[in-house]
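Participant: This is the structure I have questions about; it appears just below.
Just so it is clear, none of the values below were taken in a lab; they were calculated from the coordinates. What you see is a predicted model; the values in this text were computed from it and never measured. Positions of Cβ are backbone-derived with ideal geometry, glycine not excepted, and every protein chain shown enters the neighbour counts.
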Amino acid sequence: MRPMWTCRTCGLSMIFRAAQPEVDEDGPYFLCVGCGARNALVNIAGHLGKTVLKQPEE
């Protein structure tokens, strides 16, 4: 099974490479390739100097 992001607006599932994460003043996110909605991500790596992104549980 491939790692996937799922749009919270339209429900489209896409592989990570299809929707590259970005960061702005509100934090990390990806834009849905289907509807263009902004989907929040969280960094779960803590303070280890790494970035490990996942979608928050909602």
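Participant: Using only Cα atoms, figure out Rg for the chain and give it as a multiple of 2.2 N^0.38 Å. Walk me through the numbers before you get to the answer.
Facilitator: Details: Rg = 11.4 Å, N = 58, 2.2 N^0.38 = 10.3 Å.
For the chain, the normalised Cα radius of gyration is 1.10.
Participant: Under 10 Å, Cα contacts only: if you run a Gaussian network model on the chain, which one of Val42, Val33, Val23 comes out with the highest mean-square fluctuation?
Facilitator: In this elastic network of the chain, the residue with the biggest mean-square fluctuation among Val42, Val33, Val23 is Val23.
Participant: Could you size up the charge dipole of the chain around its Cα centre, putting +1 on the beta carbon of Lys and Arg and -1 on that of Asp and Glu, and report it in debye to the nearest 20?
Facilitator: 320 debye
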